[in-house]
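Right, one structure below, let's go through it.
The values are calculated or read from the model by the stated rules, or taken from the named source; none is laboratory data. The structure displayed is predicted, hence computed values, not measured ones. Counting neighbours? That spans all protein chains shown, and the Cβs are built from the backbone with ideal geometry, glycine included.
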């Protein structure tokens, strides 16, 4: 029998429970990526003393595989006295890796704001923090939301890499089920369907956020 519906219904609850771990890792990782990415983008604007090292950091992270970074955080950092559990290590790796991509998105949005906006803020004697918070970022972020949303969906699809450090996310759970029963068709297919559903829901939510932001700042 190619497909066993009884077996499918039997394993579905465990896969749904594992999907919660996948969603948690994705949301926490993306939250870190969004915040850290904005910080990196701003640091690159603060002169060569900071922009140089930050640029090197971004290029190093973007140019090395995410799996290597996961292994480094989980297996290498303990050699220096920094021990992190598998789930936290996975979230940190995902967040730091995608923060470098998000920073470029933010940078493009910030650089799209005309120079006159900065000069007007200086003329009004506004500090850098106030200028960014009240003038620049409210204009720069809404246009880049679709690009950030693309990285959210991409991050979702990278979570199976966490199985390499034994995080019981969706893919790892499916592999264990397959090895126990020597039936991989049902669990792997269900994993693909669940990832498809979660990605489509994420894309729909991002479009809704984009519409809300455009409506808010168009007023």
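One residue alone among 32, 67, 50 is in contact with a helix residue (DSSP H, G or I) (Cβ under 6 Å, 6 or more places away or on another chain) and free of Cβ contacts under 8 Å to residues at least 24 places away in the same chain, and that residue is 50.
Filtering the stretch 197-215 to residues that are in contact with a helix residue (DSSP H, G or I) (Cβ under 7 Å, 6 or more places away or on another chain) and more than 16 Å from residue 19 (Cβ to Cβ) leaves 203, 206, 209, 210, 213, 214.
Quick one: is residue 15 in a helix (DSSP H, G or I) and either under 25 Å from residue 145 (Cβ atoms) or modelled with pLDDT of 90 or more (or both)? The answer is yes for residue 15.
Quick grid of which residues meet (1) more than 24 Å from residue 105 (Cβ to Cβ); (2) assigned to a helix (DSSP H, G or I):
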site: 152; (1), (2): no, yes
site: 167; (1), (2): yes, no
site: 179; (1), (2): yes, yes
site: 186; (1), (2): yes, yes
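Yes or no, residue by residue, for (1) assigned to a loop (DSSP other than H, G, I, E, B); (2) surrounded by 15 or more Cβ atoms within 10 Å (Cβ to Cβ); (3) at pLDDT below 90; (4) touching a strand residue (DSSP E or B) at 6+ places or on another chain (Cβ under 9 Å):
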position: 9; (1), (2), (3), (4): no, no, no, no
position: 23; (1), (2), (3), (4): no, yes, no, no
position: 26; (1), (2), (3), (4): no, yes, no, no
position: 32; (1), (2), (3), (4): no, yes, no, no
position: 41; (1), (2), (3), (4): no, yes, no, no
position: 61; (1), (2), (3), (4): no, yes, no, no
position: 64; (1), (2), (3), (4): yes, no, no, no
position: 70; (1), (2), (3), (4): no, yes, no, no
position: 77; (1), (2), (3), (4): no, no, no, no
